[in-house]
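**Q** Okay, handing you the structure first.
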Amino acid sequence: MNVNYINPFITACIDVFKTFSDLVSTPGKPMALKQPGRQGTIKGMIGLNGHGVNGYFIISFSRPFLEKLVAGLFGKQASATMEEINDLAGELTNMITGNAKAQLSKQGYFFDVAVPRISHTLPDIPVYMKDTPVIMVPFTTPSGKYTIEASMKTIAEDFAADHQGMLTIADFSKLCRLSPARVKSFLRTGFLKGIQNPDKQWLIHREQIDKFK
């Protein structure tokens, strides 16, 4: 698995915990795992199946960590109920995945965000992902620790179909008589719509030349 796939989830964790509970998350060193889902006692898992990608995302917590979050969010003094803890785990899983999805879509990976599954045991990994490497990243916060795991693989056929009729920046600039730097600036502003292939090279639909006629 390309380790760069985990970066949107790392950024999403930092952003979501800061926004949701004003909690600073510090990521540790990523590690490769052969057996996922062995971290923490409460796990939120969501599938990442869609256009160009198959995979899953898991975030694992301890109960004391989630209880502290519930207490901070709602001012509860007593221990949180298991229902409240599971609801919070599901909400965090959903928000982090949605945030990462927005970042991955800019790289040409598109998938639907399903309802997260909460588990207190080993999560059920899809058969077709059993042999795909897993990247795990531990996080520390003032309220405790949590970990995330992600496993993703690209669907080559989807990208091959996407790239039909696509132009590189160099080819696009020649056809529309603009400098490559100008084309890149239009991509950054969103005036031009493009996707990035796994090598981080921009590809632009040929039809968008019409914007300059």
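**Q** Treat the count of other C-beta atoms within 10 Å as a stand-in for reagent exposure and order Met82, Met166 from fewest to most.
**A** Lowest to highest Cβ neighbour count: Met82, Met166.
**Q** Sticking with this one: FRET efficiency for Ser179 and Arg117, Cβ-Cβ distance as r, R0 = 45 Å, nearest 0.05?
**A** Taking R0 as 45 Å, the efficiency between Ser179 and Arg117 is 0.35.
**Q** Follow-up. Over all distinct alpha-carbon pairs, what is the Kirkwood Rh of the chain in angstrom?
**A** This gives a value of 18.9 Å.
**Q** By how many nm would the segment from Ala32 to Thr132 grow when fully extended, if each residue of separation counts as 0.36 nm and the alpha-carbon distance is taken off?
**A** Using 0.36 nm per residue and subtracting the Cα-Cα distance, I get 34.9 nm.
**Q** With 10 angstrom as the radius, rank Val24, Val16 by how many other C-beta atoms surround their C-beta, starting from the fewest.
**A** The order, fewest Cβ neighbours first, is Val24, Val16.
**Q** Moving to a separate point now. What is the helix-to-structure angle for 63-74, meaning the angle in degrees between its Cα long axis and the longest Cα principal axis of the chain, kept from 0 to 90 and rounded to the nearest 10?
**A** 80
**Q** Which lysines does Lys145 reach when only Cα atoms under 19 Å apart count, and residues fewer than 8 places away in its own chain are ignored?
**A** Lys18, Lys29, Lys43, Lys68
**Q** Which of the peptides 129-142, 34-47 is most tightly packed, and how do the rest follow, going by the mean number of other Cβ atoms within 10 Å of each residue?
**A** Ranking, from highest mean packing down: 34-47, 129-142.
**Q** A further question on this structure: Would you mind working out the magnitude of the charge dipole of the chain relative to its Cα centre, with +1 at each Lys and Arg C-beta and -1 at each Asp and Glu C-beta, to the nearest 20 Debye?
**A** 760
**Q** Can you tell me which of 25-33, 94-102 comes out highest on packing, and rank the rest after it, using the mean Cβ neighbours within 10 Å?
**A** The most tightly packed comes first, giving 94-102, 25-33.
**Q** For each pair in Lys153/Lys174; Lys34/Lys184; Lys130/Lys184; Lys34/Lys101, compute the distance between the two Cα atoms and list the pairs where it is over 32 Å.
**A** Lys153/Lys174; Lys34/Lys184; Lys130/Lys184
Just so you know, all these numbers are worked out from the coordinates, no wet-lab data involved. For clarity, every value in this text was computed on a predicted model and none was experimentally measured. No Cβ is skipped: glycine too gets one built from the backbone with ideal geometry, and neighbour counts run over all protein chains shown.
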